[in-house]
Amino acid sequence: MNSDLQDSADTEQLLAAAAAGDASSLRALFELHRAPLRRMVALRLDDRLRQRIDESDVLQDTFCEVQQRLTDFVTRRPMSFTVWLRKTARQHIMRLYRTHIRAGKRSLARERTIDESSQLLAQAFSQRPATPSELLVKFEFQTQVQAAIARLPRLAREILVMRHLEGLSHRDIGALLGITEANARQRYGRALVRLRSELSQAGVQDDSQT
């Protein structure tokens with residue numbers, strides 16, 4: 001299930017040309033990464049922020065920042081371009097929340113940051129129904145799981161999103177969060193324990209496979 005955030009041969013080739021000043025290669029590099037980056041951004045915008053900011057705006061601002069810092073990145077190469085691009089987008093989204101969500105509403109904002117992700121995670125943790133009656137049970141279960149996910153700390157939800165919705169390895173999660181692979185694995189385990197605790201407190205039996 002793991003998605004690899006190491007750079008492809010196409011990315012390496014376009015990156016080298018873009019760093020040498022080829023504007024068309026830079027545009028092609030951005031286009032190569034546009035679709036997965038848009039999906040990553042979409043999972044992290046809540047309804048209120050969407051009223052102010054469009055996904056395309058986030059992508060455009062991210063690409064502009066990457067363009068400005070490209071020479072320094074290529075010189076240092078602290079990580080793959082794919083990881084760097086995602087980290088830049090994630091940091092930009094965090095700044096948008098600080099700017100557009102008033103301080104007095106931050107606690108509520110944290111609970112709703114990835115409501116679409118909460119729905120998708122609830123589906124991922126649910127079993128497929130075989131009968132109409134099981135469909136109703138599944139719907140009720142998903143609703144309870146979604147509520148439990150919404151109560152998790154933001155970082156715990158983020159790690160579950162990366163692992164279960166984006167299919168990232170612990171290594172890539174660690175790279176994106178600036179922690180070791182072992183630390184990422186530990187935090188993922190703690191996120192699952194916290195989710196199961198929330199489900200247990202709500203009287204829900206978690207039969208999901210990890």
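Between residue 154 and residue 76, what's the calculated FRET efficiency when r is the beta-carbon distance and R0 is 30 Å? Round to 0.05.
0.55
Give me the extension gain from residue 98 to residue 197: residue separation times 0.36 nm, minus the current Cα-Cα distance, reported in nm with one decimal.
Separation in residues times 0.36 nm, less the Cα-Cα distance, equals 32.7 nm.
Figure the gain on full extension for residue 87 and residue 68 (residue separation times 0.36 nm, minus the Cα-Cα span) and round it to one decimal in nm.
Between residue 87 and residue 68, full extension yields 5.3 nm more.
Dipole magnitude of the stretch 1-106 about its Cα centre, charges +1 at Lys/Arg Cβ and -1 at Asp/Glu Cβ only, in debye to the nearest 20?
800 debye
The numbers here are math on the coordinates, done by the rules we state, and not lab data. Not measured: the values here are computed from a predicted model. No Cβ is skipped: glycine too gets one built from the backbone with ideal geometry, and neighbour counts run over all protein chains shown.
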